[in-house]
Amino acid sequence: LTEPDDVVLGRLFVRVLGVPDGRDVTEISMDSHASWDSMAHINLILAIEQELRISFTPEEASLATSFGAILGMVAARR
Amino acid sequence: MTPEAPTPSPSPADSEGSRDWAAYFRNAADHMRESPTFAGANELYRVATEAPDYVAGFLSVRIGILRNVTVEPWIPDLFVGLLQRGIKAEFWTGEHDVFEPYGYADGLRLPGALDYLMVHLDASATIGDARYDPPSDLEHAIVSRVEHLIVALSESTYAKIILSNFGPDPVELYAPHVHQDPGSWPNRRRAINLALTERYSSDARVVILDLDRAISAFGAERAYDARMYLTARSPFAVGFLPRLGQALATIVAADRLPPKKCVVVDCDNTLWGGVLGEDGPGALAIGEAYPGSAYRQFQLFLKGLHARGVLLAVNSKNNEADVLEFFDRSPDMILRATDLAAYRINWKDKASNVRELAAELNIGLDAMILIDDSAVECELIRSLLPEVQVERFPSDPIDIEPFCASLRNLERLSVTDDDLKRAASMRANGAREQLRLAASDLSAFIESLEIRLTITKQDRDRAERISQLTQRTNQFNLTTRRYTVQEVQRWFERGTVYSMRMRDRFSDYGMIGVAITKPTSSQHVAIDSFMLSCRAFGRGVEGAFLGVVIEDARAGGATVVRACYLPTPKNQMVRDFFPEQGFAVTEDRDSIRRFEYALGAITLSPPSEGADPYDIERIGFDRA
């Protein structure tokens, strides 16, 4: 039984960025969420890679600045 | 399946607005041991920033990090490593690639109240391109930069400095055929590391974090993430970070937590393979051939602990005479009966034996590690004596070496001479016991010991051992105030630190007593701390020590000496120590007892004066 990627991603946003439970994570981007700064960005990317056993290229990592963008990159690997 | 959060996040809406942080941290630390994930570490660390400074059962420390790489991704795993040892850390990081300016008064300021300052000079950023063709003076340049930096930092902080050494880095993974060349970077790196170890091995203010060992043990090829280094200047792969956390936690735990003093081992299927009583001595597995070779490794491991001052004891269901004979007759045994500080070899239950061993060795149950191959015995001790650290010995001899490597709480930052003497003096206790039986009464016994005490004032060279005594002494300790080396050094400036060494006919005990006093006015002196190591109990030397402290206070012009007793679960035995020495009780509450000793009268003798059966030598008492 595997969970859908968006559910796993949503949970990682809560755990790493501290997005409050219940908030719609699909709306979140680096510009709109204060705790998602450049340091948190590194940690978020590393956590996603470990959890989903994938690896982003440096170019992808720099473009992965919203929930939607990240979900798209994950989907492209499935 | 994705592991869930360490525990449900404590919600701000908890009833009464308070959370059980201690339970939360314990659960989270256990959970992270079973499934260490980077997301879990991040969540735990983020939630923990809301925790209060003090959480019951956890030691709070503040750690600063000076660095020339991006260390922010490490911090959650550093936090988790420490939390798993019962230490709750707060972190501060210095500006990127800024070191020396934090060491000078006109430079940048370190936060106050740091307990530790990690100095992480990453090889790639510190030495950089020179690694490809190292200049001939590389070692000198690096070591001298580190030395100057540490001198400067020591001036600007009381924190203990944790200096990372240089790990094998990606450059040496792909550099071809350089190992035959002594001038190559991998060989120079080893030389630098050795020079740093030699430079700081006896400096109590600096501890080396052995990054070289941590990375080698994990595997250098897996430890690095080239992509993260090139894009974010963060060299390590996430999988390595828990190891880094453990390496840091080992240092802080060894520095701050009471160390284990005694390892209690079972015999059958632990010190050797097989059962002595059933198989007979000839059939036991111990020696050069497998599986005896695995048990031999274990005995060598224990022998190494013994050499570093850890006491060894045996707790075994066997016939005592058979076991002792095997210890001393078998040519394959590494341990001999003389290596044991005590033993209980009988058919009684093992929990009672452990209790008796603790009493005989005069140490707390929480200073003991018990190793036994039987799940039943382990469970028995765990349930009856929860203070004892119980470790189940592996049933498969192949697992013995990893078992040794995983044993926690045996690390020491430094081996002091006193550690080594302690093992010898514990053995001499047996001979002393015989003499006690022969002497007609206690005072005759004490006299026959020919005790010599050396009391030194402000022994600045021995701050480390003085700190160690304040950290380790539980029973004969009037106030149980724990001081780091830096704090002891501050006491030399604002008070008087007395330390006492003891020798007798049988052994040199090393430093066994510490007293700290401070003037509270021109005529009043207060005793801040007064303690005696358990090895020196029962000889009345505490009275002589107090006598010298009081006499010195009087020589300094004091008319009143004040003291107090702060009760703990372990120091009941000294509740009445000061009244017994002639102090008047001025306040008597459950949480504190205060005492006073008036020195006014010219003729009044300090306690125990004139009645000493001891030869007392005073060092540093001249008031010139």
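Looking across segment B:234-246 at every residue that is in contact (Cβ under 8 Å) with a residue 40 or more places away in the chain, open to solvent by 10 Å² or more (accessible area, probe 1.4 Å) and more than 10 Å from chain A (Cβ to nearest Cβ), the one that is nearest to the chain's Cα centre (by Cα) is identified as B:Gln246. Looking at B:Ala289, B:Ala294, just one residue is open to solvent by 50 Å² or more (accessible area, probe 1.4 Å), more than 18 Å from the chain's Cα centre (by Cα) and away from chain A (no Cβ under 14 Å), and that residue is B:Ala289. Only one of (1) open to solvent by 30 Å² or more (accessible area, probe 1.4 Å); (2) in contact with a helix residue (DSSP H, G or I) (Cβ under 6 Å, 6 or more places away or on another chain) is not met by B:Asn165, so which one is it? B:Asn165 satisfies every listed condition except (1). Considering only residues in segment B:433-470 that are among the basic types (Lys, Arg) and crowded, with 18+ Cβ neighbours inside 10 Å, the one that is modelled with the highest pLDDT turns out to be B:Lys457. Once segment B:139-158 is narrowed to residues that are aliphatic (A, V, I, L, M) and open to solvent by 10 Å² or more (accessible area, probe 1.4 Å), the residue that is farthest from the chain's Cα centre (by Cα) is B:Ala141.
Any residue at all in segment B:55-62 that is within 13 Å of chain A (Cβ to nearest Cβ) and either under 19 Å from B:Asp30 (Cβ atoms) or among the small types (Gly, Ala, Ser) (or both)? Break it down into steps so the answer makes sense when it comes.
In the first step, residues of segment B:55-62 are kept if they are within 13 Å of chain A (Cβ to nearest Cβ); the result is none.
No, every residue in segment B:55-62 fails to be within 13 Å of chain A (Cβ to nearest Cβ) and either under 19 Å from B:Asp30 (Cβ atoms) or among the small types (Gly, Ala, Ser) (or both).
For segment B:71-106, the set of residues classified as away from chain A (no Cβ under 14 Å), in a loop (DSSP other than H, G, I, E, B), free of Cβ contacts under 8 Å to residues at least 40 places away in the same chain and surrounded by fewer than 21 Cβ atoms within 10 Å (Cβ to Cβ) consists of B:Asp97, B:Val98, B:Asp106, listed by residue number.
The conditions are (1) within 20 Å of B:Tyr45 (Cβ to Cβ); (2) without any contact (Cβ under 8 Å) to a residue 12 or more places away in the chain; (3) more than 8 Å from chain B (Cβ to nearest Cβ); (4) open to solvent by less than 50 Å² (accessible area, probe 1.4 Å), and A:Gly72 fails exactly one of them. Which is it? A:Gly72 satisfies all of (1) within 20 Å of B:Tyr45 (Cβ to Cβ); (2) without any contact (Cβ under 8 Å) to a residue 12 or more places away in the chain; (3) more than 8 Å from chain B (Cβ to nearest Cβ); (4) open to solvent by less than 50 Å² (accessible area, probe 1.4 Å) except (1). Can you tell me which residue within segment A:1-29, out of those that are crowded, with 16+ Cβ neighbours inside 10 Å and farther than 21 Å from A:Ala76 by Cα, is farthest from the other protein chains (Cβ to nearest Cβ)? Across segment A:1-29, the extreme among qualifying residues is A:Val19. If the condition is being in contact with a Leu (Cβ under 6 Å, 6 or more places away or on another chain) and either part of a loop (DSSP other than H, G, I, E, B) or of a type in the set (Val, Ile, Thr) (or both), then segment B:299-317 contributes B:Gly309, B:Val314. For B:Tyr229, the criteria (1) touching a residue at least 60 places away in the same chain (Cβ under 8 Å); (2) more than 14 Å from chain A (Cβ to nearest Cβ); (3) surrounded by 18 or more Cβ atoms within 10 Å (Cβ to Cβ); (4) out of contact with any Leu (no Cβ under 8 Å at 6 or more places or on another chain) hold in every case but one, which is (2).
Just wondering, is there one or more residues in segment B:519-529 that are at positive phi, more than 25 Å from the chain's Cα centre (by Cα) and surrounded by fewer than 18 Cβ atoms within 10 Å (Cβ to Cβ)? Walk me through how you get there before you give the answer.
Start the filter on segment B:519-529 by keeping residues that are at positive phi, which leaves none.
Looking through segment B:519-529, none of the residues is at positive phi, more than 25 Å from the chain's Cα centre (by Cα) and surrounded by fewer than 18 Cβ atoms within 10 Å (Cβ to Cβ).
Would a scan of segment A:34-56 turn up a residue that is modelled with pLDDT under 90 and either in contact with a strand residue (DSSP E or B) (Cβ under 6 Å, 6 or more places away or on another chain) or more than 11 Å from chain B (Cβ to nearest Cβ) (or both)? Yes, some residue in segment A:34-56 is modelled with pLDDT under 90 and either in contact with a strand residue (DSSP E or B) (Cβ under 6 Å, 6 or more places away or on another chain) or more than 11 Å from chain B (Cβ to nearest Cβ) (or both).
The values are calculated or read from the model by the stated rules, or taken from the named source; none is laboratory data. Not measured: the values here are computed from a predicted model. Neighbour counts are summed over all protein chains in view; Cβ atoms, including those assigned to glycine, are modelled from backbone coordinates with ideal geometry. These accessible areas exclude ligands, DNA and RNA; they are computed on the full protein's heavy atoms, side chains included. Shrake-Rupley method; radii C 1.70, N 1.55, O 1.52, S 1.80 Å.
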